1. Between Trp319 and Ser340, what length comes free when the chain is fully extended (0.36 nm per residue of separation minus the Cα-Cα distance, one decimal in nm)?
2. Largest first, how would Asp534, Asp519 line up by accessible area (1.4 Å probe)?
3. Treat region 233-278 as a sphere of radius equal to its Kirkwood radius over Cα pairs and apply Stokes-Einstein at 20 °C in a medium of 1.002 mPa s; give the translational diffusion coefficient in µm²/s, rounded to a whole number.
4. Let me cross-check Ile210: its accessible surface, 1.4 Å probe, with only protein heavy atoms counted, in Å² to the nearest 10?
5. Once Rh is set to the Kirkwood radius over Cα pairs, what Stokes-Einstein translational diffusion coefficient, in µm²/s, holds for region 448-550 at a temperature of 25 °C and a viscosity of 0.890 mPa s?
6. Whenever you get a sec, compute what percent of the accessible area on region 185-243 sits on carbon and sulfur atoms (1.4 Å probe).
7. Using only the Cα atoms, work out Rg/Rh for region 190-291, with Rh taken as the Kirkwood radius, to two decimals.
8. Distance between Cα centroids, region 391-411 to region 195-235: provide it in whole Å.
Amino acid sequence: MERDSSDEEDDRQNLIHQNETTAKSPRHCSTFDIDEFHGKLTGNQRFTFNKRYLLAVFLPLFIVIVYFTTDVKSYFQTGASNVKFDASVDRMRESELHALYLLRQQQLGLFNLLNHTVLIGSNSTLVNSSDRLNDVNLAVYNQISLNKRIQQALLSSHSVGESLDLNENVTDPSVGGYVGVNGCKRVEQKLSDRRTIEWKPRADKYLFAICVSGQMSNHLICLEKHMFFAAALNRVLVIPSSKVDYEFSRVLDINHINKCLGRKVVVTFEEFAEAKKNHLHIDRVVCYFSLPQPCFVDDEHVKKLKSLGVSLNKLEPAWVEDVKKPKARTVQDVVAKFSSDHDVIAIGDVFFADVEKEWVMQSGGPIAHKCKALIEPSRLIMLTAQRFIQTFLGENFIALHFRRHGFLNNDKKPSCFYPIPQAADCITRLVERANTPVIYLSTDAAESETDLLQSLLVLNGKAVPLVKRPARNSAEKWDALLYRHGLEGDSQVEAMLDKAISSLSSVFIGSSGSTFTEDILRLRKDWGSASVCDEYLCQGELPNFIAEDE
């Protein structure tokens, strides 16, 4: 997750020393001086050279010159030389093709940067925005980093002996200092600008939460929205029973919410049943959604409620609202439609509800409280996450949520199911920018996919380890708390543990379209651990290959 400032690969320049041999004619005592000799042989005594004598003098000299200027061994190694030459050419072609691909990526990045700067220049309100300026700085840095990778790709086909190291060249415009200045720093929380609503419920008025869509993450988001509705309607929120929903008490500390507010604002189903003396009746059911069915509740869920002894009146829609096309609503709309004097009301599943989105999505949420987050992992899960990080990861790591299940059908437009090599390239770029030595992997991918991903995660010649939670081992003590409290092996506990670990990472890479990712991003924002480098996997890119529809 999800964990792009970079520790640039040090490029050492390999100087290839070539011994240049200069052949000089040796001057020995037996070699006579031409001028002197001619001076001695003048007139009738001029010397006449014999052809055999000339051949005897110049032939050894010719052999010496040929010996020192010709690699005689090459005549006996012709086959091996051709093989080596072909391999070198292949390597050079491969490196140049890779460099062309990187140049194309850099071109696209520069176009995006150009468009971004044009936007800033055309909007005076953004000129002095530090956030926008930081975005531009990061974009520039990415292109510089990509340029260095292109250099590495081109140089790799020519390297001899030790690897080339461009950073040792003092004329190289290194940006290593960028990491500490504008790299993957924490996102500044502007809590002073936070807009909140007070939650002061009447003790005898309840909002009965109903959440049915999706998996645990969807239900947690549904509960968070129910809390906002309960605050607006001045009601106590009833957490669903584990017999009709997830066993939230195993992953959440329900009483933590009450402590954060300083009053009783949420109760478990068991507490609600005790307070109502087992007269479990929902007086009014006003459905937020009317389509595809009232309250987005099916007959099976109604039967489960009745099996608990919960009776309810007829489901009545508050307005025409489709889960596929929810309208943007205000808190005033909610108060006007759902206010009631009845003791117990329900509004159905509100996971898809679009009410005061910016208000709800801000750091800390929309409700006034004294904690970092209202809905967060239980204390046991938090301690286990910290112990895992201390054991395997350390403080500087990227967390990657790599979802694969359900994404290959390409129902999401655009598709976010990336081929493994493309995903590896995106992850490597962020690892380089974030300067992190290890990645924590939370995934539902098959081992064959994660094995390939691991083999492709290489930076500066070193593999970047992918760390997953290992199977239970009595010799390891990081998960002892879960074991002692009977929480080991619970899939929901493990999912929440993944969220906790990912939320504590230096940088997070998420899966676009996944509520699991969205819940991690919410926690990171609330806890103040969000990084300017947090992003979705291959954000801004399309899969480089997409299968046809059935």
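The values are calculated or read from the model by the stated rules, or taken from the named source; none is laboratory data. Worth saying up front: this structure is predicted, and the values here are computed from it rather than measured. Note: ideal-geometry Cβ built from the backbone for every residue, glycine included; neighbour counts use all protein chains shown. Protein only, heavy atoms only, side chains kept; ligands, DNA and RNA dropped before computing areas. Shrake-Rupley method; radii C 1.70, N 1.55, O 1.52, S 1.80 Å.
1. Numbers: separation 21, 0.36 × 21 = 7.56 nm, distance 1.58 nm.
Length gained between Trp319 and Ser340: 6.0 nm.
2. Asp534, Asp519
3. Values: Rh = 11.3 Å.
For these conditions, the coefficient is 190 µm²/s.
4. 10
5. 149
6. C and S atoms contribute 45 percent here.
7. 0.96
8. Each part's Cα centre sits 29 Å from the other's.
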